[in-house]
Amino acid sequence: MFKSGVGFFALFGLGWWLLATGGLGGVPGVTAVIVGGAVTAGVLLAARRLPAAAPDGSLSPARRRRFHQVNAVQWLLIVVIAVVCARAGAPSLIGPLVAAVVGLHFLPLAAVFEQHRLRVPAAALVAVGATGTAVWLADGPDTSVRLVAGLGSAVTLWATAVWTLHGIRNGARSAR
């Protein structure tokens, strides 16, 4: 489940969903948490049913090293973004900029995993980040900036999880 990326996509999708809906209070807020939890649980349960022929995700030492380098740079950039935006008095800009960085990190990962389809969520997340930044630059309310970045990122990651599951299942069927 996690070797195929599905678990990561699902759980990080939930994190983005919570960012998007975090400003909701009362019944809408509780409903949003339940919906996000249900989507994530559904994806994770579907991933547990992966056929035995699912790829094991083994990487050569060189590819594993590149994977770790890409993720280290991603997390370093996220920390820098959070610190700079917080100190600059623009904490609502963190979400859109992080979405763009997450999207960009999928580009080298597409090569590491030989999964060129990862360019699709890369492009989508960069677009989400750009859109959230545009809302911020237009003096949109912080809740709108969080909603654009969080909802767009959550939907992108959940859709990528489902797309990955579909690809694994179809690959297993064709191998029979």
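The values are calculated or read from the model by the stated rules, or taken from the named source; none is laboratory data. What you see is a predicted model; the values in this text were computed from it and never measured. Glycine gets a Cβ as well: all are built from the backbone with ideal geometry, and neighbour counts include every protein chain shown. SASA here: full protein model, heavy atoms, side chains in, ligands and nucleic acids out. Shrake-Rupley method; radii C 1.70, N 1.55, O 1.52, S 1.80 Å.
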Legend entry - Qualifying positions in segment 19-36 - in contact with a Phe, Trp or Tyr (Cβ under 9 Å, 6 or more places away or on another chain) and either open to solvent by 30 Å² or more (accessible area, probe 1.4 Å) or touching a residue at least 40 places away in the same chain (Cβ under 8 Å) (or both): Val33, Val35, Gly36
Legend entry - Residue among Leu151, Leu76, Leu147 that is surrounded by fewer than 19 Cβ atoms within 10 Å (Cβ to Cβ), under 24 Å from Phe8 (Cβ atoms) and touching a residue at least 60 places away in the same chain (Cβ under 8 Å): Leu151
Inset, instruction - Return the residue satisfying two criteria in turn: it lies in segment 1-30 and is within 21 Å of Val145 (Cα to Cα) and in contact with a Lys or Arg (Cβ under 8 Å, 6 or more places away or on another chain), and of such residues it is modelled with the lowest pLDDT. - result: Gly23
Inset, instruction - For segment 128-169, enumerate the residues that are among the aliphatic types (A, V, I, L, M) and over 20 Å from Ala90 (Cα atoms). - result: Ala154, Val155, Leu157, Ala159, Ala161, Val162, Leu165, Ile168
Legend entry - Gly89 being outside any helix (DSSP H, G or I) and closer than 29 Å to Gly140 by Cβ: yes
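Table: residues versus (1) within 17 Å of the chain's Cα centre (by Cα); (2) open to solvent by less than 30 Å² (accessible area, probe 1.4 Å).
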| site | (1), (2) |
| --- | --- |
| Arg49 | no, no |
| Cys85 | no, yes |
| Ala90 | no, yes |
| Pro96 | yes, yes |
| Leu104 | yes, no |
| His116 | yes, no |
| Val126 | yes, no |
| Gly129 | yes, yes |
| Pro141 | no, no |
